[in-house]
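Engineer: My questions all concern the structure below.
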Amino acid sequence: MAKIRGAIVVDTERCKGCELCMYNCPTQTIGMEHKVNSKGYHYAYMENPEACIGCTNCAVVCPDGVITVYKKKFEQ
Amino acid sequence: MDINEIIKEENLVYRKSAVLNDKVFNFCPGCGHGVVQKLIAEVVEEMNIESEVIGVGSVGCSVLVYEFMELDVVSAAHGRAAAVATGIKRVMPDKYVFSLQGDGDLAAIGTSESIHACNRGENITMIFINNGIYGMTGGQMAPTSLHGMKTATSPYGRNEAMGHPIRMSDVVAQLEGTYYVTRQAVHTPAMVRKAKKALRQAFENQKLNKGLSFVEFVTNCNSGWKLSPIKANQWLDQHMLPFYPLGDIKTEGVIVTKDK
Amino acid sequence: MAELRLMKGNEAIAEAAIRAGADGYFGYPITPQSEVLEYFMAENATERTGMVVLQAESEVASIYMVYGAASTGKKIMTSSSSPGISLMQEGLSYLAGAELPCLVLNVVRGGPGLGDIQPSQGDYFQSVKGGGHGDYKLIVLAPSSVQEMSDFVPLAFDLAFKYRNPALILADGAIGQMMEKVDLFEPIPRKTEITEPWAVKGKQPGEPKRTITSLDLDPYGMEKHNEHLQAKYRAMEENDVRYEAIQCDDAEYIFVAYGVSARICQKAVQLAREKGIKAGLLRPITLFPFPKKQLAELADRVKGFLAVELSAGQMVEDVRLAVNGKVKVEHFGRMGGIVHSPFEVVAALESKIINV
């Protein structure tokens, strides 16, 4: 059976920590990093990378275009 | 499993459009303006028309649009974007011309220019950001502010003496010159995807030369509304969308009648 | 082809715009210049050359249509009269700030406010001192005949493009409405290719994007931009002052007048000389840049200047600045649409300058 796995890469310096990606993620993949970037924003990161399905919801809703999404089908 | 197995160019499914550069938007965290500029960039890139697009910026939060988009852009005075776009399109009819205007620009100081551009059926795409408030100047009342809405210039709520919220899309749909009028939102992934289709349609329409395409985006202004981005989007759902319902208002020059 | 015709000033300027290869005209009717738009329409200007002619919803819209169209590097024009030109001041400031060339015609009427529809020169300050907000100048040309209404159109476009700056033809109700013979110049074909590197046309692959704006939030950047504009205005003063000196060589007294007032002063020179007064006329053709040097030179050898204007005294201030106290400078004007007679002008020279 094939399994879809996704991953996101966040441009942490350009992230403003609005949390809309986290809120709109259907698999609770995303969390907000405790650390801050040089502007003082907590930035998004993959808290549960195993959960990501590469649906792009986070990237689509991100107002600053800081999320890049990858998706791959694995044969199990 | 190694995450680097996934993060490879061949597995890419979403990346910021190359029509946007790497400058950080001047918008507040969570602002819908950013999503709209992202969509414009994506539509232009997907249509492969970068070399044929001339944008018109306006005065308001989107005033610096020319900083972020790798497009030729003319920056208009407050309220005059529709006249500026008219001037460009009339002498360059083969170019795609769009204006990007907020509610102060399009629905207050520039009502005359906006309505007459619509009425003349200028073959342009007007993009209207309606967040019910003046963001850039610090959260003052807009013509689109809802009844009772608290702003810096209506601190006890907008009352009748301050006028009523204006539904610009419904106004311009009544004019013979508009070919396509739609109201969209961009605060959920599904809405963004739908809005992008509408925006693409509004750009494609310029090939038809049949009149003006008008796309309203009902967005948040979480700083102006004094709410967190997530709470602002919930407030938008609860208060803005009932007054500014989403969907096509006019397609192919005909007003959409909704069956109840 | 070149051609001799009897025309109104307002018609001549429209015909000249068609012949000068103008790409677009955007305007709104107002007396006494409505014939401009009417002529473009009656003459089927669009069919003749392909130029765009559009009646806008207001003067505000007109000037911003000009702003948009001028951003593409094409030859764009508008026209109006005093109250309408007042509405355009914000746009003119933006055009000057964004360094866009264009041609604006003001057929001045009596003011202030709604005023009347008779000839006036009460918009001098507004025209030469900026008019809108911020530090900027327009190139201002003052025709005094229907012939010049025609001839100044290609000249104004040339200057506007040379300096990337709006050019204003400052006429008055008399020059706009009067009929004279005009020797119309040979038509210049419209440009088929835009070569201006700054003009928007869509970002071309491998080229940087183009931005037309007057905004710079960095105050150091804004100061630098202002210094660049000021250098341009100094270059205009250095290279593009235009004037006409009539019988100034042996003159003891000089009338300074432009537009319709200059025509009256030409007669006044003749009348004065018949009375034994050695009078001459210095007619500024460019009101900005103003013929300061020429006036200063004259001031070294004449006894006095009389600025003759259809206003309460506006250009006289620039004459005084140029003359710098060397000799007497006075003003004679009529207002509200009344045009002075040459006899009045000579009498004013005698009473205000000679017999004092």
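Engineer: Hey, can you tell me all the residues within segment B:1-42 that are within 18 Å of B:H187 (Cα to Cα) and aliphatic (A, V, I, L, M)?
Structural biologist: If the condition is that a residue be within 18 Å of B:H187 (Cα to Cα) and aliphatic (A, V, I, L, M), then B:V35, B:V36, B:L39, B:I40, B:A41 are the ones that fit.
Engineer: Considering each of C:K191, C:K201 in turn, give the residue that is within 13 Å of chain B (Cβ to nearest Cβ), under 25 Å from the mean Cα position of the chain (by Cα) and either in a loop (DSSP other than H, G, I, E, B) or of a type in the set (A, V, I, L, M, F, W, C) (or both).
Structural biologist: On the way: C:K201 fails: under 25 Å from the mean Cα position of the chain (by Cα).
When all the criteria are applied, what remains is C:K191.
Engineer: Follow-up question, since we're still on this one. Give the residues of segment C:41-57 that are touching a residue at least 24 places away in the same chain (Cβ under 8 Å) and over 20 Å from B:I124 (Cα atoms), sorted by residue number. Steps first, answer last, please.
Structural biologist: Filtering segment C:41-57 for residues touching a residue at least 24 places away in the same chain (Cβ under 8 Å) gives C:43, C:45, C:48-57.
Once the filter is applied, which keeps residues that are touching a residue at least 24 places away in the same chain (Cβ under 8 Å) and over 20 Å from B:I124 (Cα atoms), segment C:41-57 yields C:E43, C:A45, C:R48, C:T49, C:G50.
For (1) closer than 23 Å to C:A16 by Cβ; (2) surrounded by fewer than 24 Cβ atoms within 10 Å (Cβ to Cβ); (3) out of contact with any Cys (no Cβ under 7 Å at 6 or more places or on another chain), each residue gets a yes or a no:
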{"site": "C:S71", "(1), (2), (3)": "no, no, yes"}
{"site": "C:S79", "(1), (2), (3)": "yes, no, yes"}
{"site": "C:G115", "(1), (2), (3)": "no, yes, yes"}
{"site": "C:S150", "(1), (2), (3)": "yes, no, yes"}
{"site": "C:A167", "(1), (2), (3)": "yes, no, yes"}
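Engineer: I'd like the full set of residues that are of a type in the set (K, R) and either within 16 Å of C:V153 (Cα to Cα) or not assigned by TED's automatic domain parsing to the domain that holds C:V108 (or both), limited to segment C:33-52. Outline the logic, then answer.
Structural biologist: Of the residues in segment C:33-52, the ones of a type in the set (K, R) are C:48.
Within segment C:33-52, none qualify.
Engineer: Of all residues in segment C:1-32, count the ones that are in contact with a strand residue (DSSP E or B) (Cβ under 8 Å, 6 or more places away or on another chain), farther than 15 Å from C:M149 by Cβ and not in a strand (DSSP E or B).
Structural biologist: 6
Engineer: Give the residue that is farthest from the other protein chains (Cβ to nearest Cβ), with candidates limited to residues of segment C:68-84 that are over 18 Å from the mean Cα position of the chain (by Cα) and more than 15 Å from B:E122 (Cβ to Cβ).
Structural biologist: Initial filter on segment C:68-84 (over 18 Å from the mean Cα position of the chain (by Cα)): C:68-74.
Those still in the list that are more than 15 Å from B:E122 (Cβ to Cβ) too: C:70-74.
Details: C:A70: 8, C:S71: 5, C:T72: 5, C:G73: 10, C:K74: 5 Å.
Looking at the filtered set, the residue picked out is C:G73.
Engineer: Identify the single condition in (1) under 20 Å from the mean Cα position of the chain (by Cα); (2) acidic (D, E); (3) farther than 21 Å from B:A117 by Cα that C:E43 does not satisfy, given that it satisfies every other one.
Structural biologist: Answer for C:E43: the failing condition is (1).
Engineer: Filter segment C:33-53 for residues that are small (G, A, S) and assigned to a helix (DSSP H, G or I); which is surrounded by the most Cβ atoms within 10 Å (Cβ to Cβ)? Spell out the reasoning first.
Structural biologist: In the first step, residues of segment C:33-53 are kept if they are small (G, A, S); the result is C:34, C:42, C:45, C:50.
Now narrow it down to the ones that are assigned to a helix (DSSP H, G or I): C:42, C:45.
Numbers: C:A42: 11, C:A45: 21.
This residue is C:A45.
Engineer: Within segment A:13-28, can you find the residues that are assigned to a loop (DSSP other than H, G, I, E, B), within 12 Å of another protein chain (Cβ to nearest Cβ) and not acidic (D, E)?
Structural biologist: Of segment A:13-28, the ones assigned to a loop (DSSP other than H, G, I, E, B) are A:13-19, A:25-28.
Remaining after also requiring within 12 Å of another protein chain (Cβ to nearest Cβ): A:13-19, A:25-26.
Matches in segment A:13-28: A:R14, A:C15, A:K16, A:G17, A:C18, A:C25, A:P26.
Engineer: Could you list, in sequence order, all residues of segment A:28-40 that are more than 9 Å from the chain's Cα centre (by Cα) and either among the aliphatic types (A, V, I, L, M) or under 13 Å from A:V10 (Cα atoms) (or both)?
Structural biologist: At the first step, the residues of segment A:28-40 found to be more than 9 Å from the chain's Cα centre (by Cα) are A:28, A:32-40.
Within segment A:28-40, A:M32, A:E33, A:V36, A:N37 meet the criteria.
Engineer: Follow-up question, since we're still on this one. Of the residues A:G65, A:G54, A:G40, which single one is more than 7 Å from chain B (Cβ to nearest Cβ) and assigned to a loop (DSSP other than H, G, I, E, B)? Steps first, please.
Structural biologist: Numbers: A:G65 fails: more than 7 Å from chain B (Cβ to nearest Cβ); A:G54 fails: more than 7 Å from chain B (Cβ to nearest Cβ).
Going through A:G65, A:G54, A:G40 in turn, just one is more than 7 Å from chain B (Cβ to nearest Cβ) and assigned to a loop (DSSP other than H, G, I, E, B): A:G40.
Engineer: In addition: Being closer than 26 Å to B:E5 by Cβ and basic (K, R) is the filter here; which residues of segment A:1-34 pass it?
Structural biologist: Keep residues of segment A:1-34 that are closer than 26 Å to B:E5 by Cβ, which gives A:1-15, A:21-22, A:24-33.
Within segment A:1-34, A:K3, A:R5, A:R14 meet the criteria.
Engineer: Every residue in segment B:28-63 that is crowded, with 24+ Cβ neighbours inside 10 Å and farther than 25 Å from B:G110 by Cβ, please. If you could, list the steps in order and put the result at the bottom.
Structural biologist: To start, the set of residues in segment B:28-63 that are crowded, with 24+ Cβ neighbours inside 10 Å comprises B:30-40, B:43-44, B:53-58, B:60-62.
Across segment B:28-63, the qualifying residue is only B:G30.
Engineer: Let me ask another. Just to be sure I understand, how many residues within segment B:176-192 are closer than 14 Å to B:R120 by Cα and either assigned to a helix (DSSP H, G or I) or of a type outside the set (F, W, Y) (or both)?
Structural biologist: Qualifying residue count for the region: 3.
Engineer: A follow-up question, please. Among C:F185, C:F161, C:F157, which is the only one that is farther than 25 Å from C:T72 by Cα and away from chain B (no Cβ under 14 Å)?
Structural biologist: Working: C:F161 fails: farther than 25 Å from C:T72 by Cα; C:F157 fails: farther than 25 Å from C:T72 by Cα.
Only one candidate passes the filter, namely C:F185.
Engineer: Let me ask you something else. Within the group B:H187, B:H239, which residue is crowded, with 23+ Cβ neighbours inside 10 Å and not hydrophobic (A, V, I, L, M, F, W, C)?
Structural biologist: Among B:H187, B:H239, only B:H187 is crowded, with 23+ Cβ neighbours inside 10 Å and not hydrophobic (A, V, I, L, M, F, W, C).
Engineer: Can I ask one more? Just checking, does segment B:103-110 include any residue being under 26 Å from B:K207 (Cα atoms), modelled with pLDDT of 95 or more and among the β-branched types (V, I, T)?
Structural biologist: The answer is no, given that none of the residues of segment B:103-110 is under 26 Å from B:K207 (Cα atoms), modelled with pLDDT of 95 or more and among the β-branched types (V, I, T).
Engineer: Got at least one residue in segment C:258-274 being in contact with a Pro (Cβ under 6 Å, 6 or more places away or on another chain) and either hydroxyl-bearing (S, T, Y) or in the same structural domain as C:M149 (by TED's automatic domain parsing) (or both)?
Structural biologist: The answer is yes, given that some residue of segment C:258-274 is in contact with a Pro (Cβ under 6 Å, 6 or more places away or on another chain) and either hydroxyl-bearing (S, T, Y) or in the same structural domain as C:M149 (by TED's automatic domain parsing) (or both).
The values are calculated or read from the model by the stated rules, or taken from the named source; none is laboratory data. Note that this is a predicted model, so its numbers are computed, not measured. Glycine gets a Cβ as well: all are built from the backbone with ideal geometry, and neighbour counts include every protein chain shown.
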